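Read the structure below first, then the notes.
What follows is calculated from the coordinates using simple rules that are stated; it is not laboratory data. None of the values given here were measured: they were computed from a predicted structure. Here the Cβ positions follow ideal geometry from the backbone for every residue, glycine too, while neighbour counts run over all protein chains shown.
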Amino acid sequence: MEQQKQPPNIIIDLIKVTKIYAPDVQALADITFSVNKGEMIFLTGRSGAGKTTLLKLISKVESPTKGMVEVDGIDIAKIPKRNLYSLRRKIGMAYQDFKLLPERTVAANIAVSMEVVYRRNSFIIKRTRELLEQLGLQAKINTPAAELSRGEQQRVSIARAVANYPKIILADEPTGNLDAETTERVMSLFDDLHQQGTTLLIATHDTSIYNQQHRVIQLAFGQQNTPQATDSDVSLQVTN
């Protein structure tokens with residue numbers, strides 16, 4: 001059967017996605033939604049709701065047990081491992097556990113995402129300094145990541161994720177270790193990228209960082225339920 005062509009404005013499409021971890025732990029069940037190019041979406045729910053798993057499926061860190069995940073019009077299950085770089089260049093991922101190189105400096109950790117796509121050194125230096133200023137980390141530029149606080153490590157992880165201007169940014173609890181002032185810095189950076197046309201999917205349980213200007217997709221126990229929408233309701237409420 002010929003696959004139906006994806007609408008041109010959709011950049012992420014999940015169709016009946018289920019994820020089961022061995023032996024029988026169901027992390028996600030029958031998840032279906034689409035994300036438009038340039039959209040900012042907040043993925044909410046309690047710890048264990050399936051938010052992190054969902055982001056890992058979109059970036060192909062994990063593969064679904066059932067269902068299909070398309071990114072930028074491509075069924076990512078069909079991308080061979082040797083070509084995964086083509087997907088990863090489109091996606092900036094800010095992990096909840098940061099995944100920094102502890103012995104390398106803040107500047108080096110941010111630079112790595114630009115080095116792998118052969119950005120000019122002048123671009124890397126300028127972009128790194130720009131992000132450190134936006135996130136209030138100028139004084140830490142030469143500090144090894146292992147010597148940073150968790151909040152500082154989180155900001156470095158975010159800077160690395162956005163440094164190369166990816167089409168899509170996936171952020172997993174990006175303000176979880178931050179105070180109110182620093183949270184505002186991070187959200188200001190995300191807002192700037194959104195205004196430039198970047199697509200953002202932000203997993204969070206912090207209700208203070210989202211509002212009715214953006215769509216909210218709420219998960220509970222890995223399940224999704226879309227109620228009848230009204231003109232003023234832009235959120236997808238989910239219950240178990």
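When each of Arg46, Arg160 is scored by the number of other beta-carbon atoms lying within 10 Å, the sequence from fewest to most is Arg46, Arg160. The GluC sites (Glu not before Pro) found in the range 63-151 that occupy coil by DSSP, while having at most 16 further C-beta atoms within 10 Å, are Glu103. Largest GNM mean-square fluctuation among Pro23, Pro80, Pro144, using the chain with Cα springs under 10 Å: Pro23. Angle of helix 121-134 to the longest C-alpha principal axis of the chain, folded into 0 to 90 degrees and rounded to 10: 80°. Here the range 10-236 carries DSSP beta bridges of which approximately 45% are antiparallel, counting only pairs with both residues inside. The per residue volume of the convex hull around the alpha-carbon atoms of the range 11-142 is 157 Å³.
In the chain, helical runs assigned H by DSSP with n ≥ 4 each contribute -39500 (n - 2.57); averaged across all residues and rounded to the nearest 500, the mean residue ellipticity at 222 nm is -8500 deg cm²/dmol. Put simply, the convex hull of the Cα atoms in the range 122-191 casts, on average, a shadow of 4.8 nm². Residue by residue, the range 58-71 carries 3J(HN,Hα) couplings of 5, 8, 6, 6, 10, 10, x, 6, 9, x, 10, 10, 10, 10 Hz when phi is fed to the Karplus relation 6.51 cos²θ - 1.76 cosθ + 1.60 (θ = phi - 60°); x denotes Gly or Pro.
Computed over the range 10-236, the P(r) tail beyond 26 angstrom holds 36 percent of alpha carbon pairs. Using a Gaussian network model of the chain in which every pair of alpha carbons under 10 angstrom is joined by a spring, one finds that among Asn164, Asn109, Asn121 the greatest mean-square fluctuation is at Asn121.
For the chain, modelled as a GNM whose springs connect Cα atoms under 10 angstrom apart, the maximal fluctuation among Thr18, Thr182, Thr207 occurs at Thr207.
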